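What follows is a set of notes on a single structure, which appears directly below.
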Amino acid sequence: MGLSAKQQQIREREQQIIRVARAQVLSEGYHGFGLEAIAVEIGVSRGTLYNHFSCKEDLILAVLMESLELRLGWVQRAASFRGTSRQRMTAILVAIELFARIRTDHYRIEEIVRSGTVWEKANSEKRIAASHMNGQATGIVAGVVRDAIVQGDLEFPADVKPEEFVFGVWSLIEGGFSIHSNSGRLWQPMTKQSGRILRLSAWRLLDGFGWKPLSTGEEFSDQTESILKELFSAEFRLLKQDW
């Protein structure tokens, strides 16, 4: 059953609030950002705004969740790629990199949320929802890892668990692009080629764990470009950069 006209109106208003909030929090930062300014820009009363979000911390978390939901969809699409387990993992790495390069604002918002104040003051239900959405994405990656183990493509040492591997590879990619987004000037000129560096590092990490088929290095660019064209051609056109 679809949304009623009233429900659709509420949803569209909330999406409008989130769009405006994203721009304002990125330009003004946490301390310069407030619900009053959002209400003025949208042309609604503060009461109307509070019907959607009880505090600015809830709204900032909603901004983060909007991009988390987008990333989750891309990871789901990548995990469904038809190929070997390693090709599916490569597709996931491509999805995460493409997301990071298109939505650089995500990591700046994430940095604000990680500051502590936002997370502590936000509604507990919204914190749980954000954690769950992030967990869904990493859970999909863990599922591909388990498939690789079952298929005999991957065998971990006794002291390594699939979840630990996922945390490591996820941290490598996400952490690298977070540095690029929030502290790029400190790492010049490395950030100019951060995508290639992180991509190759992740690829070698898969080799290091013995994820078959092992790479020769020659097929890496061909595989990632093939995945981009098959799964993310429309999104890649938005990038307007060399891969």
- line: Quick note on M65, M133, M89, ordering by fewest other C-beta atoms within 10 Å, gives M133, M65, M89
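In the range 32-118, what trypsin sites (Lys or Arg not before Pro) fall in a loop by DSSP, with at most 11 other Cβ atoms inside 10 Å? Please report the intermediate quantities before stating the final value.
Details: sites: R46, K56, R71, R77, R82, R86, R88, R101, R103, R108, R114; in loops: R82, R103.
Those that pass, being in a loop and sparsely packed, are R82.
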task: May I ask you to order 10-17, 167-174 by the average number of other C-beta atoms within 10 Å around their residues, highest value first?
output: 167-174, 10-17
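Can you tell me the FRET efficiency between F156 and E41 if r is taken as the Cβ-Cβ distance and R0 is 45 Å, rounded to the nearest 0.05? Please report the intermediate quantities before stating the final value.
Values: r = 51 Å, r/R0 = 1.14.
Once rounded, the FRET efficiency stands at 0.30.
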- request: Arrange E69, E120, E97 by Cβ neighbour counts within 10 Å, fewest through most, would you?
  value: E120, E69, E97
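Assign one of three labels to the range 1-157, namely rounded, prolate or oblate, based on the Cα gyration tensor with a ≥ b ≥ c the square roots of its eigenvalues; rounded applies when a/c is under 1.5, prolate when it is not and a/b is larger than b/c, and oblate otherwise.
Details: a/c = 2.56, a/b = 2.04, b/c = 1.26.
It is prolate, given that a/c is not under 1.5 and a/b is the larger ratio.
What full-extension length gain, to one decimal in nm, is calculated for T104 and S54 as 0.36 nm per residue of separation minus the Cα-Cα distance? Write out the running numbers ahead of the final one.
On the way: separation 50, 0.36 × 50 = 18.00 nm, distance 2.70 nm.
Result for the pair: 15.3 nm of gain on full extension.
Taking neighbour Cβ counts within 10 Å as the exposure measure, how do T48, T138, T90, T224 sort from fewest upward?
T48, T138, T224, T90
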Backbone N under 13 Å from the N123 label point (7 Å along Cα→Cβ), restricted to the range 55-87: 55-63
query: How big is the convex hull of the Cα atoms of the range 1-53, per residue, in Å³?
result: 80 Å³
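What FRET efficiency comes out for the pair I197/E164, r = Cβ-Cβ distance, R0 = 35 Å, nearest 0.05? Write down the numbers at each step before the final one.
Working: r = 23 Å, r/R0 = 0.66.
Efficiency, from the Cβ-Cβ distance: 0.95.
At a Förster distance of 25 Å, what's the computed FRET efficiency of Q87 paired with E111, Cβ-Cβ distance as r, to 0.05?
That pair, Q87 with E111, gives E of 0.15.
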- line: Over its alpha-carbon atoms, the range 61-239 yields an Rg and a Dmax in Å of 16.5, 50
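Each reported figure results from applying straightforward, stated rules to the coordinates on display, with no laboratory input. Predicted model, so just to flag it, every value in this text is computed and none were measured. For neighbour counting, all protein chains shown are included, and Cβ atoms are generated from backbone atoms with ideal geometry for every residue, glycine included.
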